[in-house]
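The values are calculated or read from the model by the stated rules, or taken from the named source; none is laboratory data. What you see is a predicted model; the values in this text were computed from it and never measured. Methodologically, a virtual Cβ is constructed for each residue, glycine included, from the backbone with ideal geometry; neighbour enumeration extends over all protein chains shown. Remember, those area values only see protein heavy atoms, side chains included, never the ligands or the DNA or RNA. Shrake-Rupley method; radii C 1.70, N 1.55, O 1.52, S 1.80 Å.
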Amino acid sequence: MNYGTRVSVIIPFYNCSYVHLAIESVLAQSYPDIEIIVVDDGSTLHTEKLLPYSGRIKVLRKANGGTASALNLGITSASGAYFAWLSADDCFHPDKIGRQIAVMLATQTSFNHTAYYYINELGERSSGRISVPFHSKAELIETLMTGCPVNGSTVMVDMNVFKKVGLFNEKLLYTQDYDLWLRILAYYEWSYIEDPLLDYRVHQEMGSIIHSEAQKREIKQVQELHHKSLVRLLRKERRK
């Protein structure tokens, strides 16, 4: 059963030393109706960091299969009406969930994302606001045709969306988020919060640095897959 006000925060976890900080940031949310699901994707390191949260979080364990498979297991096990993703090395700001729920209800949108800050290994802020606002759906489509400015850890999605477009593509190792956002774009309206509500940690062990070349190839693959449908969607928006 999905509860109308509950937000299920899914934290995919694989050998990440920062996972306890991610969990703490969700426990510190001002919004009261939150379920925390940590999906241990076959970790062999840092699993002891989950022990102090017994009873306050749900832990699902599986063989290593990648981020998409971890997110999908979390989503299919969730009881919330909304999905939020938090990478194990990132941190929510205390009012993130509450702000997003308020905006989604006010705008009647099914997908919301926000601006964010970069932080370093020590948790020190290393950037100004990272924000890519859009002023029309056509502008959003054009932006997404060339790249993905949407940070997955800023996203909140109505769970009903997955019934329409499906879950994350587990065959994609690095761009499962980009692919899903493009599928959602064709059917649902988005909203955006220009205030930073996430700290995005940049460090040498993050996958986007270690696998940067493979990620670039996969981005091109996803863009080619969705190009025709995005062109049609853009033409439709421009005729409005």
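Suppose we filter the range 139-148 for residues that are surrounded by fewer than 17 Cβ atoms within 10 Å (Cβ to Cβ) and either assigned to a loop (DSSP other than H, G, I, E, B) or not β-branched (Val, Ile, Thr) (or both); how many remain? Qualifying residue count for the region: 4.
Does the range 205-222 include one or more residues that are closer than 16 Å to PHE111 by Cα, buried (at least 20 other Cβ atoms within 10 Å of the Cβ) and modelled with pLDDT of 95 or more? No, every residue in the range 205-222 fails to be closer than 16 Å to PHE111 by Cα, buried (at least 20 other Cβ atoms within 10 Å of the Cβ) and modelled with pLDDT of 95 or more.
For the range 113-138, a residue qualifies if it is open to solvent by 40 Å² or more (accessible area, probe 1.4 Å), aliphatic (A, V, I, L, M) and touching a residue at least 12 places away in the same chain (Cβ under 8 Å), and the qualifying residues are ILE130, VAL132.
In the range 187-204, the qualifying residues are those that are open to solvent by 50 Å² or more (accessible area, probe 1.4 Å) and not in a strand (DSSP E or B), and the one that is modelled with the lowest pLDDT is GLN204. Are any of the residues in the range 216-233 over 30 Å from TYR14 (Cα atoms), outside any loop (DSSP other than H, G, I, E, B) and of a type in the set (Gly, Ala, Ser)? Yes, the range 216-233 contains at least one residue that is over 30 Å from TYR14 (Cα atoms), outside any loop (DSSP other than H, G, I, E, B) and of a type in the set (Gly, Ala, Ser).
The residues on offer are PRO94, PRO52, and the sole one that is over 16 Å from SER153 (Cα atoms) and open to solvent by 20 Å² or more (accessible area, probe 1.4 Å) is PRO52. Restricting attention to the range 102-112, the residues being in a loop (DSSP other than H, G, I, E, B) and either open to solvent by less than 50 Å² (accessible area, probe 1.4 Å) or β-branched (Val, Ile, Thr) (or both) number 2.
Do we find a residue being within 27 Å of GLY65 (Cα to Cα) and outside any loop (DSSP other than H, G, I, E, B) anywhere in the range 88-101?
yes
Scanning the range 94-112 for residues that are small (Gly, Ala, Ser) and touching a residue at least 12 places away in the same chain (Cβ under 8 Å) returns GLY98, SER110. Close Cβ contacts (under 6 Å, 6 or more residues apart or on different chains) running from residues in the range 54-72 that are hydroxyl-bearing (Ser, Thr, Tyr) to residues that are crowded, with 17+ Cβ neighbours inside 10 Å comprise THR67/PRO12. Quick check: anything in the range 25-46 in contact with a His (Cβ under 6 Å, 6 or more places away or on another chain) and assigned to a loop (DSSP other than H, G, I, E, B)? No; the residues of the range 25-46 include none that is in contact with a His (Cβ under 6 Å, 6 or more places away or on another chain) and assigned to a loop (DSSP other than H, G, I, E, B). The residue that is surrounded by the most Cβ atoms within 10 Å (Cβ to Cβ), counting only those in the range 149-182 that are of a type in the set (Ser, Thr, Tyr) and assigned to a helix (DSSP H, G or I), is SER153. Taken over the range 119-136, the criterion of being over 20 Å from CYS91 (Cβ atoms) and among the β-branched types (Val, Ile, Thr) is satisfied by VAL132 alone. Within this structure, ILE57 fails the test of being crowded, with 20+ Cβ neighbours inside 10 Å and of a type outside the set (Phe, Trp, Tyr).
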